[in-house]
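One structure below.
The values are calculated or read from the model by the stated rules, or taken from the named source; none is laboratory data. All figures in this text were calculated on a predicted structure; none of them were measured in a lab. Cβ coordinates were reconstructed from backbone atoms using ideal geometry, including for glycine residues, and neighbour counts include every protein chain displayed. Keep in mind that these areas ignore ligands, DNA and RNA; they rest on the heavy atoms of the full protein, side chains included. Shrake-Rupley method; radii C 1.70, N 1.55, O 1.52, S 1.80 Å.
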Protein chains: 2
Amino acid sequence: MPGKVKPQRESLELVILGVLAEEPLYGYSIIKRVAARSEDAIRLTAGVLYPLLHELEADRLIASTWETVRSERAGEASAGRKRKWYHLTAKGRRRLSQRITAHRAFQSMIEAFFPPRADEETAT
Amino acid sequence: MPGKVKPQRESLELVILGVLAEEPLYGYSIIKRVAARSEDAIRLTAGVLYPLLHELEADRLIASTWETVRSERAGEASAGRKRKWYHLTAKGRRRLSQRITAHRAFQSMIEAFFPPRADEETAT
DNA sequence: CCAAATATATCGGATGCCGATGTATTGTCA
DNA sequence: TGACAATACATCGGCATCCGATATATTTGG
């Protein structure tokens, strides 16, 4: 019975599909990008990201292609470093807008609880 | 060491402290209230709520008092139904504003990814 | 009178989370 | 040139979380 809930995963999915909506990225760069965008608030670790990326790909929300980066220095002989580039699929794009909608729904409920005060402080 | 992260719990904490900030409620009424407020988007179940309420109380974020509701019909002899009313403590109020701040931080990152379109629907 | 709703509560199996770990290549700097 | 940091991918397993199932009791409505 598909459709099980994966608590934390949902917001991670939102974030990952979100960055990939802008442009294709490879795993390591996703980690850096998200950290930068969130000012280190969201720290994806390899142990969390890669399995998630595999799941997302299995679900056809994203797709990948390999790139082999060969260094000049090392020359022809080197095996090269491998990068797996991920990009959103059409299905992924649909899922993303669903997630955004769901997030906004939650958000509006939160705002209903705590209407932003005009005189609110702007952080400490 | 205390201070471990509890993924899903955090947003639940936000929601629960949020409703209790408005007025004291008892468990069952929290479930109904949250369901109503979120238009059934957030369905707290007893199995999730009560343990969480106990934790929150142990952490002194909320406090409780028992009420015994005796029905007219049943009369003096009846044991009465028990309601455990919860209300926010000062500590709970501080925690709540922390959670709101954290939520808004996450929120603003999401907005950075997906800037709200000017032509967006306002929902009803 | 009985079923549904109200009301609180616990428990345990399934699942998710993520730190630790592993492997390999490239960049850098003394 | 050697070695350490950073880049880059990936898996695994233990512990914590999650939440459905379950238990118990009272009240309300038809």
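See the values below:
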quantity: Distances in nm from B:Glu55 to the matching label points in the other copies, shortest first (labels 7 Å along Cα to Cβ); calculated: 1.9
quantity: Where A:Lys84, B:Lys91, A:Lys32 fall by accessible area, highest first, once all protein chains stay in place (1.4 Å); calculated: A:Lys32, B:Lys91, A:Lys84
quantity: Distances in nm from B:Pro24 to the matching label points in the other copies, shortest first (labels 7 Å along Cα to Cβ); calculated: 6.1
quantity: Residue-by-residue Karplus 3J(HN,Hα) for segment B:87-100, coefficients 6.51, -1.76, 1.60, Hz, glycine and proline x; calculated: 9, 6, 9, 4, 4, x, 5, 5, 4, 4, 5, 5, 4, 5
quantity: B/A buried area, accessible surface, summed, 1.4 Å probe, Å²; calculated: 2200
quantity: In Hz, Karplus ³J(HN,Hα) per residue of segment A:36-45 (6.51, -1.76, 1.60; θ = phi - 60°; x = Gly, Pro); calculated: 5, 4, 9, 6, 6, 5, 10, 10, 6, 10
quantity: Hull volume in cubic angstrom per residue (convex hull over the Cα atoms of segment A:9-106); calculated: 114
quantity: Entries in A:Lys91/B:Lys32; A:Lys32/A:Lys82; A:Lys32/A:Lys84 that, when Cα-Cα distance is taken, lie over 23 Å; calculated: A:Lys91/B:Lys32
quantity: Solvent-accessible ranking of A:Phe114, A:Phe106, largest area first, probe 1.4 Å; calculated: A:Phe106, A:Phe114
quantity: Normalised contact order of segment B:1-110, rounded percent, pairs of Cα under 8 Å and 6 or more residues apart; calculated: 29
quantity: 7 Å along Cα→Cβ, label-point gaps from B:Val69 to other copies, nm, shortest first; calculated: 6.3
